[in-house]
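This report concerns only the one structure given below.
The values are calculated or read from the model by the stated rules, or taken from the named source; none is laboratory data. Quick caveat, the model's predicted, so the values are computed rather than measured. Please note: Cβ atoms are built from the backbone with ideal geometry, for glycine as well, and neighbour counts cover all protein chains shown.
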Amino acid sequence: MENVRLRKATTKDKAIAVGFDYRLDKEEHIKLNRQEKITKAISNDECFLILADDREVGFVIFDYRFFDQGWIELIVIDEKYRGKGIGGKTFNLICEQCKSDKVFTSTNSSNTQMQRALEKAEFSFAGELKGLDEGDPELFYYKKVKRI
Ligand SMILES: CC(C)(COP(=O)(O)OP(=O)(O)OC[C@H]1O[C@@H](n2cnc3c(N)ncnc32)[C@H](O)[C@@H]1OP(=O)(O)O)[C@@H](O)C(=O)NCCC(=O)NCCS
């Protein structure tokens, strides 16, 4: 997948973004009220559809709520498009559009695919936080944004 780009999601894209998240984990989607989270992110201009060769393959929520630094809140790529480098390219595009010095994100210790994608995109490990998900610590990563 060479041609990966981001398009700011509008209210018309809500169903597609919600669908990606629902297919990822139906129970969590309902329990964590992710439809509302996605709706809010769209209305705040913080949700972006991920397009690979002009096809919608996932979405990413990006804001500045983490100590005023760029923060990847959530990224979901549809199952059949994972492991093809699209996540890594999405992180690069987020870094390009970031208006702060650094981009941060976090993932569960059990999510090796996310960790691998972040490491491939040259994110550095920032630390571990226990207590959020019992027995599955949250691992934080960051990358300095290069300015020309
Ligand atoms: C996490 C996610 C965004 C990464 O995007 P991606 O497009 O799959 O990532 P990339 O292809 O850039 O890199 C993934 C790496 O993990 C590897 N990988 C693929 N499947 C894997 C698996 N089951 N376990 C571990 N590594 C795996 C890939 O091979 C690739 O490494 P490689 O190039 O050395 O082979 C995507 O997999 C996803 O949407 N997962 C489900 C939702 C999720 O977990 N989101 C993050 C929440 S914090």
Those residues of segment 48-80 which are touching a residue at least 24 places away in the same chain (Cβ under 8 Å), of a type in the set (D, E, K, R) and assigned to a strand (DSSP E or B), in sequence order: E56, E73
Selection status of I16, in a helix (DSSP H, G or I), modelled with pLDDT of 95 or more and farther than 22 Å from G85 by Cα: no
Selection count, segment 75-91, where residues are closer than 19 Å to R34 by Cα and buried (at least 17 other Cβ atoms within 10 Å of the Cβ): 4
The lone exception for I94 - which of (1) assigned to a strand (DSSP E or B); (2) crowded, with 21+ Cβ neighbours inside 10 Å; (3) more than 11 Å from the ligand (Cβ to nearest atom) it fails: (1)
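What about D45, is it in a loop (DSSP other than H, G, I, E, B) and either of a type in the set (A, V, I, L, M) or under 26 Å from I16 (Cα atoms) (or both)? Working first, answer last.
Details: in a loop (DSSP other than H, G, I, E, B): yes; either of a type in the set (A, V, I, L, M) or under 26 Å from I16 (Cα atoms) (or both): yes.
It is true that D45 is in a loop (DSSP other than H, G, I, E, B) and either of a type in the set (A, V, I, L, M) or under 26 Å from I16 (Cα atoms) (or both).
Across segment 110-132, which residue is surrounded by the fewest Cβ atoms within 10 Å (Cβ to Cβ) among those that are away from the ligand (no atom under 11 Å from the Cβ) and part of a loop (DSSP other than H, G, I, E, B)? Don't jump to the end; show me each part of the working.
Quick first cut of segment 110-132, residues away from the ligand (no atom under 11 Å from the Cβ) only: 122-132.
Still in the list and also part of a loop (DSSP other than H, G, I, E, B): 122-123, 130-132.
On the way: E122: 12, F123: 22, K130: 11, G131: 7, L132: 10.
Result: G131.
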Residue among T39, T90, T11 that alone is within 16 Å of the chain's Cα centre (by Cα) and over 30 Å from K146 (Cβ atoms): T39
Number of the exception - R82 against (1) in contact with a Leu (Cβ under 7 Å, 6 or more places away or on another chain); (2) within 8 Å of the ligand (Cβ to nearest atom): (1)
Residue tally, condition over 17 Å from Y22 (Cα atoms), buried (at least 18 other Cβ atoms within 10 Å of the Cβ) and either more than 12 Å from the chain's Cα centre (by Cα) or of a type in the set (A, V, I, L, M) (or both), over segment 52-68: 2
Failed condition for D21, given (1) outside any helix (DSSP H, G or I); (2) within 15 Å of the ligand (Cβ to nearest atom); (3) under 21 Å from R5 (Cβ atoms): (1)
